[in-house]
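Following: one structure in structure tokens, then a few remarks.
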Amino acid sequence: MRTANRNRRRYSVALICLALILLCVGSVSALSANYTVAENGTAYFAEVEVLQAEEYSFTEPGLLGEPVPVEATGIMLLNATGPVNYTEERSAIRFPEGNYTIRYTAPLSTNELTVMLDDASNITVSLPEQYAVTNPLLGYVSTGGTVNTTGNGTTILWDGARSAQVRYYDTFQEQALIIFGTFWIGLVVIFLVPYMIVRRKRE
């Protein structure tokens, strides 16, 4: 009887530990980071959740992956009760440790958005309808991204990721690529066909 009770206790302890682990994993994976590119493509609006944090830096990866400061504007720090005061430093903010949602706007100099996060999050990048990513010669979506295109724009989602990268293009860039490609194909045909005809005659 004692052995049975001991086994039951061990089983109960194991179940409790498993439940705690699942709760912890669930809370981490529930974090979200949403980025929306502006209509004119010159900036993006971000809404990022952080867990047990007391500092947040506004950066983007440089050429070698190093953090490069981003000039963020319209910064808002919110918790479950509403806006929270913070201390602003160079490309960073400090605040009492806790769980928060951080909103801000940052500039875009190219048609590319790269995200690097400290914690695994569900990352979403939303593009207005004039931009696309499906042409592999012009667009790019990093590994794990799921692309969903509707009449209102394009949304790319990464589940439980710490990084994401999107390169997008507009209609003008796609048309320019088609014209450029058609031009070079025409040149190849003009010069290659006569050469092949002459070669066959010689043979």
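The values are calculated or read from the model by the stated rules, or taken from the named source; none is laboratory data. Everything quoted here is computed from the prediction, not taken from an experiment. Here the Cβ is made from the backbone with ideal geometry for all residues, glycine too, and neighbour counts use every protein chain on show. All accessible areas refer to the heavy atoms of the entire protein, side chains included, with ligands and DNA or RNA removed. Shrake-Rupley method; radii C 1.70, N 1.55, O 1.52, S 1.80 Å.
Accessible surface for region 119-176, divided over its residues, is 53 Å² per residue with a 1.4 Å probe. Packing order of peptides 109-119, 78-88, highest average first: 109-119, 78-88 (average count of other Cβ atoms within 10 Å over each peptide's residues).
The shape of region 52-150 comes out prolate: with a ≥ b ≥ c from the C-alpha gyration tensor, a/c is at least 1.5 and a/b beats b/c.
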